1. Every residue in the stretch 242-288 that is on the phi > 0 side of the Ramachandran plot and not aromatic (Phe, Trp, Tyr), please.
2. Hey, can you tell me all the residues within the stretch 93-123 that are of a type in the set (S, T, N, Q) and open to solvent by less than 60 Å² (accessible area, probe 1.4 Å)?
3. Can you tell me which residues in the stretch 100-119 are touching a residue at least 60 places away in the same chain (Cβ under 8 Å) and either hydroxyl-bearing (Ser, Thr, Tyr) or closer than 19 Å to Gly63 by Cβ (or both)?
4. For residues that are of a type in the set (Val, Ile, Thr) and in contact with a strand residue (DSSP E or B) (Cβ under 6 Å, 6 or more places away or on another chain), scanning just the stretch 75-103, find the one that is modelled with the highest pLDDT.
5. Would you mind finding the one in Ile283, Ile267 that is hydrophobic (A, V, I, L, M, F, W, C) and touching a Pro at 6+ places or on another chain (Cβ under 8 Å)?
6. Here are the criteria: (1) hydroxyl-bearing (Ser, Thr, Tyr); (2) under 24 Å from Gln281 (Cβ atoms); (3) surrounded by fewer than 20 Cβ atoms within 10 Å (Cβ to Cβ). Tell me which single one Thr81 does not satisfy.
7. Could you please give the count of residues in the stretch 38-51 that are open to solvent by less than 40 Å² (accessible area, probe 1.4 Å) and out of contact with any Asp or Glu (no Cβ under 8 Å at 6 or more places or on another chain)?
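The values are calculated or read from the model by the stated rules, or taken from the named source; none is laboratory data. Keep in mind that this is a model prediction, so the values were computed, not measured. Glycine gets a Cβ as well: all are built from the backbone with ideal geometry, and neighbour counts include every protein chain shown. Surface accessibility is based on the protein's heavy atoms, side chains included, excluding ligands, DNA and RNA. Shrake-Rupley method; radii C 1.70, N 1.55, O 1.52, S 1.80 Å.
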Amino acid sequence: MNRKGDFRSRPYVGWVVTIVIAFLIVIPVRRFCIESYRISTDAMEEALHQGDYILVNKLPLDGNPGRNKVVLFTSPLLKDTASSPLFLSRCIGMPGDTILVSNDGYEVNGKLLPHSPRSLNTYFITQKGADDFLKALQKLKIPVRNWKNETFGFSFSLTTFEEYQLREELPEEMNVHFIRNQAAPYKLVVPRKGRAYRLDEAALTACKEAILAEAGEKAAFRDGKLYLDGRETTFFFFEQDYYWMLSDNVNESVDSRHLGFIPRDRIIGNAWFCWFSRDKQRIFKPVN
């Protein structure tokens, strides 16, 4: 009877062993190599759509995170330490880069990187031109995004390429009623590990959370100045590399403009592959 019982239990033992081995393989792969995530916002429209499923490359290799790559990271804000919310943005600035952000794009180390043709921007159309403008949108099969009533007209969102299509379609007299919102340019240097970082007004704003995270109670901010151990200082030495992230849909997202520089230990990895989307043409496509 004992031998018979042992014989019958062997298949179950095999299944248990198989499950345990699979578990031991899957968990490390998800933790350290590749993991699937669902996109829950439109921050990266049109590169990624809300509801898409992507694979994220977590391997600690050169180029991860990489310049101009779509990167998944957790919030660096001290108040978010417990919950660690996730964000997805494009890596515009690498450690040590000098960045000038303007309406023409991103000038990184003196080289202009134009806005992606798929990036969303905010525009305005006057009440006088709204009807003809909506007809042009319908003709070109451009979706109406974030349409809002304003004092003298309507605001809405378009990609850079859609703006080009509309300006080609609309008569010249209509273009004066069709305006792109302009944002003030700003310049920043991305902190690099072990290098002296000069703290001007813009840098203090962008680096405040990073400095508090690294220096702890030694750091204090008063009247727009940094004090370390009670002494005013205009320099800081960071203990890790940082990155500057901007979302393609800059008007409907949270990125480094709100979170400041993103430290290396908050980076999860590059968005690598879209394995499911409601748009069938996007399935099994690399994330760009």
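1. Correct list: Gly260, Gly269.
2. Residues satisfying the conditions are Thr98, Ser102, Asn103, Ser116, Ser119, Asn121, Thr122.
3. Within the stretch 100-119, Ser102, Tyr106, Ser116, Ser119 meet the criteria.
4. Thr98
5. Exactly one of Ile283, Ile267 is hydrophobic (A, V, I, L, M, F, W, C) and touching a Pro at 6+ places or on another chain (Cβ under 8 Å), namely Ile267.
6. Result: Thr81 passes all but (2).
7. 2
Residue-wise test of (1) among the β-branched types (Val, Ile, Thr); (2) over 23 Å from Trp272 (Cβ atoms); (3) in a strand (DSSP E or B); (4) in contact with a Leu (Cβ under 6 Å, 6 or more places away or on another chain).
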{"position": "Leu59", "(1), (2), (3), (4)": "no, no, no, no"}
{"position": "Asp62", "(1), (2), (3), (4)": "no, no, no, no"}
{"position": "Gly66", "(1), (2), (3), (4)": "no, no, no, no"}
{"position": "Val71", "(1), (2), (3), (4)": "yes, no, yes, no"}
{"position": "Phe87", "(1), (2), (3), (4)": "no, no, yes, no"}
